[in-house]
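What follows is a set of notes on a single structure, which appears directly below.
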Amino acid sequence: MDRMPTMDRKNSKILFLDLDDTLLNHNKEITEGNRTAIQEAVKAGHRIVLASGRPLLAVLPIAAELKLQ
């Protein structure tokens with residue numbers, strides 16, 4: 001069973017993040033503020049799910065850039 005880093009499962013959240021014009025700016029880049037917020041959420045034990053109408057192969061590089069599993 002995988003373990004949450006610093007919080008127990010009943011207090012963890014799943015955060016669903018839309019990509020275009022939400023996580024990504026108008027240049028299709030992840031802002032430093034968004035990157036920091038995602039890293040802090042993961043460190044706190046929350047799960048991040050990237051939500052998009054894009055094909056999976058277009059989302060995987062963004063997940064890799066954010067170091068999401």
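Overview of results
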{"read-out": "Virtual spin-label span in nm between Phe16 and Glu32, 7 Å along Cα→Cβ", "value": "3.2 nm"}
{"read-out": "Estimated [θ] at 222 nm from DSSP helical runs (n ≥ 4, -39500 (n - 2.57)) normalised by residues in the chain, nearest 500", "value": "-9500 deg cm²/dmol"}
{"read-out": "Average accessible surface area per residue within region 11-68, 1.4 Å rolling probe, Å²", "value": "65 Å²"}
{"read-out": "Dipole moment magnitude, nearest 20 debye, the chain about Cα centre, only Lys, Arg, Asp, Glu C-beta charged", "value": "360 debye"}
{"read-out": "Anisotropy class of region 15-69 from Cα gyration tensor, a/c 1.5 cut", "value": "oblate"}
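The values are calculated or read from the model by the stated rules, or taken from the named source; none is laboratory data. Model, not experiment: these values are computed from the prediction. All Cβ positions, glycine included, derive from the backbone under ideal geometry; neighbour counts span all protein chains shown. Calculation scope for accessible area: heavy atoms of the full protein, side chains included, ligands and nucleic acids excluded. Shrake-Rupley method; radii C 1.70, N 1.55, O 1.52, S 1.80 Å.
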